[in-house]
Amino acid sequence: MNKRVFSALLSAGLAAATLGSGAMIGGQAVAQTQPEWHNCMTREVFTPEKQVWCDRWGTLINGTYIVPLGFGPEPTFETVTLENGEYNRPGELIVSMAKEPNWLAFGDIDGDGKTDAAIFFGVNQGGGTNLITYVAAVMDIDGAAQALRPVALGERIMLNGPTTIDNQRINVAQLTQTEVKKRSFVVDSDSLSELAQLPGPVDSIVPDGTIMFSQTPIYAVRVFTQQGQPRINLFNKSTGRQELNAAPATANASAGGLTFTHGGTPSVAVNIAADGTQTIEVNNAVQTNSASVTGTVSYLPRIAMPPNAILEVSLVDVSRADAPAVVLASQRTVFGDAQGAATGQRQVPISFELVYNPDQIDPRLSYAVQARIVVDGDLRFTTTSRFAVITQGNPTNVEVRVEQISR
């Protein structure tokens, strides 16, 4: 693609996306404060504020960035250095940085007290008209100015207002044909990572409910959603106190797993890895001395579940036929969540880990794993056989098969 044509396409996208001084809320334009923006080509003596801004801008438009090659879930990466916001290898690769208000923000992304930057660039590979937009972070813009691996936002995206950096996250209001998607990104090692949005993607509305319930000898931890927002309950068994009750949590999703964090007192971090395994930290101490039942859930019909399908797996005490089963641990997995998106979409077999307190187990009683798959509140698959675990010679690793419900 000709560089001039590419720049025109990028500018056209920006022009359509930058909605002047307003944003769309409920279908109506609402006035918004314009982000700081300067023309650094003027000849007057700069104010100190403008000089700082223009020095940072010069670093960004002539910076070195990590650019993904390919649009699959596991692209290769190439390092390129921009000149005045552009990189051009004719017929192979063109990178162009967005140079408009709303597409730039400064702030502290990782909490180290240094100013970082959020920028956007478009990438065209191999000519043609493809144009993928990425958001990238440049750490310590006044010092080392180190760019992290970016995150793809989509093809020719539009924004609905200024990009901001608040609470150690980059906030992007992406405008689609039907809605405004508020997306947030945080630093994840040498990359940016998108925070999990609960409910999930536009076509994957996740109902409120328990995401995981796990127990250790000291704590019982429940992560759940309430009005679409993640919350944490923490019960201290040694003191008999409910230390957290529906405390707000931050959900951070990446290909490696899903982490729920509450930064108050006590602090709690629950990580559910891509293979279902869990790590629970309270006040930065990893909780040990617990036990777990692991395994996979699958079904025989060769059909794929939609991204809003939910797998619920529970460890239950099934000793009494005349009483409801007592749930000792549970885990919920959304087929189309951020972990599944790393490989296109999660499908069976799906791994799980159910963490329980071994002190609760009575060797005389019976325990089993139960599972079901629900789509939009409708039960599609469920266990119809008993998958016994833990006691009476039964294993702690089990392959669970769910059966399709007749409709």
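The values are calculated or read from the model by the stated rules, or taken from the named source; none is laboratory data. All figures in this text were calculated on a predicted structure; none of them were measured in a lab. Positions of Cβ are generated from backbone atoms using ideal geometry, with glycine treated the same way; all protein chains shown enter the neighbour counts. Surface areas here come from the heavy atoms of the whole protein model, side chains and all, with no ligands, DNA or RNA. Shrake-Rupley method; radii C 1.70, N 1.55, O 1.52, S 1.80 Å.
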> So who's got an amide H within less than 5 Å of the one on residue 292, skipping anything under 5 residues away but keeping other chains? H placed 1.01 Å off N, in plane.
Replying inline: 356
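Just to confirm a number: summing +1 for Lys and Arg and -1 for Asp and Glu over residues other than residue 110 whose beta-carbon lies under 13 angstrom from that of residue 110, what do you get?
Numbers: positive: 114, 169; negative: 108, 112, 116, 140, 188, 190.
Charge balance near residue 110 sits at -4.
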> Just the accessible area per residue of the stretch 63-134, please: how many Å² with a 1.4 Å probe?
Replying inline: 39 Å²
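Could you compute the net charge surrounding residue 216? Neighbours are other residues with a C-beta less than 14 Å from the C-beta of residue 216; K and R count +1, D and E count -1. Walk me through the intermediate numbers first.
On the way: positive: 222, 237; negative: 243, 281, 353, 359.
Net local charge, residue 216 excluded: -2.
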> Using θ = phi - 60° and the Karplus curve 6.51 cos²θ - 1.76 cosθ + 1.60, what whole-Hz ³J(HN,Hα) does each residue of the stretch 378-387 get, with Gly and Pro shown as x?
Replying inline: 9, 6, 9, 9, 7, 6, 10, 10, 8, 10
> Counting only residues 5 or more places away or on other chains, whose amide H sits under 5 Å from the amide H of residue 216 once H atoms are built in the peptide plane?
Replying inline: 221
>> Which lysines, if any, have their Cα less than 24 Å from the Cα of residue 99, not counting same-chain residues under 8 positions apart?
In response: 3, 50, 114, 181, 182
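Probe radius 1.4 Å, ligands and nucleic acids left out: which of 119, 132 has the largest accessible area, and how do the rest follow?
The residues order as 132, 119, largest area first.
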> Whose amide H sits under 5 Å from the amide H of residue 405, counting only residues 5 or more places off or on another chain, with H placed in the peptide plane?
Replying inline: 381, 382
> From the backbone phi of the stretch 282-292, what are the Karplus-calculated ³J(HN,Hα) couplings (6.51 cos²θ - 1.76 cosθ + 1.60, θ = phi - 60°) in whole Hz, Gly and Pro given as x?
Replying inline: 10, 6, 6, 9, 5, 7, 10, 6, 8, 10, 8
> Counting only heavy atoms of protein chains, what accessible area per residue, in Å², does the stretch 229-286 have with a probe of 1.4 Å?
Replying inline: 45 Å²
